[in-house]
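Student: Handing you this structure, nothing more for now.
The values are calculated or read from the model by the stated rules, or taken from the named source; none is laboratory data. All of these numbers come straight from a predicted model, not from anything done at the bench. We place every Cβ from the backbone using ideal geometry, glycine too, and count neighbours over all the protein chains shown. Please note that ligands, DNA and RNA were not included when accessible areas were found on the heavy atoms of the full protein model with its side chains. Shrake-Rupley method; radii C 1.70, N 1.55, O 1.52, S 1.80 Å.
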Amino acid sequence: KYDIKSGNLVGMEALIRWISPALGFVSPDQFIPYAEKSGLIVPIGKWVLEEVCRTSIEWEKMGLTDIKISLNMSPVQFNRQDVISVLKETLQTYAVNPKNLEIEITESAIMNDIESNTEKLKEIRELGFLISIDDFGTGYTSMNHIKIFPVNYLKIDRSFIMGIPEKPADMAIIECLVNLSHRLGINVVAEGIETAEQ
């Protein structure tokens, strides 16, 4: 992630990939649904969190204190009752600064129980983690919910970014989302920027 004003690198996203000896490269679109269905996503997610913590500590030792690492949290993980205790335990085990870690949760995962999930998001923020709503604009979040979700970032889905600057409708949506987010004190991440114009 780059800061659009300074051009500085400010963050990276941890993305899991599977290279199978038998199958070769297996896309996350293929294996994540199976991992979620079977429950394997829980230990996989815990492993990713631990790897991110280890990496963050290493980067701090190298003086990279301003680089945040974001990781996706599966709805299966987010909906578990032990999600807060797992996060708390991991922070204690690795003694990592949670301000360098950003938990990304899709808007559809939050919307299945708004009241309970808003409380859960508050607890995650109280632990010190940054929170991002991932794939924003593709789910069912109403504008009313944005103001109550305790989040640091909205990640505008790549499907909107691909249409700018050519498509006026996408430009208008992006402009509105950025302005609204900033007025609410929420930072914006635009996914999939590939050109200077975008």
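Student: Please calculate how many Å² of accessible area the range 84-168 carries per residue, with a 1.4 Å probe and no DNA, RNA or ligand atoms counted.
Tutor: 47
Student: Still on this structure, please answer the following. Measure out, as a whole number of angstrom, how far apart the alpha-carbon centroids of the range 42-120 and the range 148-188 sit.
Tutor: With the range 42-120 and the range 148-188 each reduced to a Cα centre, they are spaced 23 Å.
Student: Related question: Any chance you could run the full-extension gain for residue 66 through residue 196? It's 0.36 nm times the residue separation minus the Cα-Cα distance, nm to one decimal.
Tutor: Values: separation 130, 0.36 × 130 = 46.80 nm, distance 2.39 nm.
Between residue 66 and residue 196, full extension yields an extra 44.4 nm.
Student: Follow-up. Quote the charge dipole size of the range 1-105 about the Cα centre in Debye, to the nearest 20; the model charges only the Cβ of Lys and Arg (+1) and of Asp and Glu (-1). Can you show the working numbers first?
Tutor: Values: 11 positive and 13 negative charges, 7 e Å.
In total the dipole reaches around 40 debye.
Student: Ok, one more. So if R0 is 30 Å, what FRET efficiency would residue 79 and residue 34 give, r being the distance between their Cβ atoms, rounded to the nearest 0.05? Please list the in-between numbers first.
Tutor: Details: r = 18 Å, r/R0 = 0.59.
Approximately 0.95, to the nearest 0.05.
Student: Note the full-extension length gain between residue 94 and residue 183 as 0.36 nm times their separation in residues minus their Cα-Cα distance, in nm to one decimal.
Tutor: Values: separation 89, 0.36 × 89 = 32.04 nm, distance 3.55 nm.
Contour length minus the Cα-Cα distance gives 28.5 nm.
Student: Give the residue list of trypsin sites (Lys or Arg not before Pro) in the range 106-173 that are DSSP loop and have at most 14 other beta-carbon atoms within 10 angstrom.
Tutor: The qualifying sites are 147.
Student: Related question: Can you give me the % of accessible surface on the range 83-190 that is carbon or sulfur? Probe 1.4 Å, all protein chains present, nothing else counted. Walk me through the intermediate numbers first.
Tutor: Working: 2800 of 5340 Å².
Carbon and sulfur together cover 52 percent of it.
Student: Within the chain, what is the longest stretch that has no GluC sites (Glu not before Pro) placed in a DSSP loop and near at most 12 other beta-carbon atoms within 10 Å?
Tutor: After excluding every exposed loop site, the longest remaining stretch is 1-165.
Student: Follow-up question, since we're still on this one. Please report, in debye to the nearest 20, how large the charge dipole of the range 1-49 is about its Cα centre when each Lys and Arg carries +1 at its beta carbon and each Asp and Glu carries -1 there. Let's see the in-between values first.
Tutor: Working: 5 positive and 4 negative charges, 16 e Å.
Charge dipole of the range 1-49: 80 debye, to the nearest 20.
Student: Do any chymotrypsin sites (Phe, Trp or Tyr not before Pro) in the range 120-191 lie in a loop, going by DSSP, with at most 15 other beta-carbon atoms within 10 Å of their beta carbon, and if so which? The partial results should precede the final answer.
Tutor: On the way: sites: 129, 136, 140, 153, 160; in loops: 129, 140.
Taking the range 120-191 and a limit of 15 other Cβ atoms within 10 Å, the loop chymotrypsin sites (Phe, Trp or Tyr not before Pro) found are 140.
Student: Which value results when the Cα radius of gyration for the range 7-55 is divided by 2.2 N^0.38 Å? Please list the in-between numbers first.
Tutor: Numbers: Rg = 13.2 Å, N = 49, 2.2 N^0.38 = 9.7 Å.
For the range 7-55, the normalised Cα radius of gyration comes out at 1.37.
Student: So, one more: Scan the chain and note any complete DSSP helix (H) whose C-alpha atoms cover at least 24 Å along its axis and whose Kyte-Doolittle average is -1.0 or more. Walk me through the numbers on the way to the answer.
Tutor: Values: long enough: 41-61 (30 Å, 0.04).
Qualifying helices: 41-61.
Student: Would you mind working out the magnitude of the charge dipole of the range 72-198 relative to its Cα centre, with +1 at each Lys and Arg C-beta and -1 at each Asp and Glu C-beta, to the nearest 20 Debye? Before the final figure, lay out the partial values.
Tutor: Values: 11 positive and 19 negative charges, 76 e Å.
Here the size comes out at about 360 debye.
Student: Of the listed values (1) 53; (2) 17; (3) 29, grab the one calculated as percent of Cα pairs over 28 Å apart from the structure here.
Tutor: Among (1) 53; (2) 17; (3) 29, the one derived from this structure is (3).
Student: Report the antiparallel proportion of the DSSP beta bridges in the chain as a percent, rounded to a multiple of 5. Write down the numbers at each step before the final one.
Tutor: Details: 4 of 24 bridges.
The answer is about 15 percent antiparallel.
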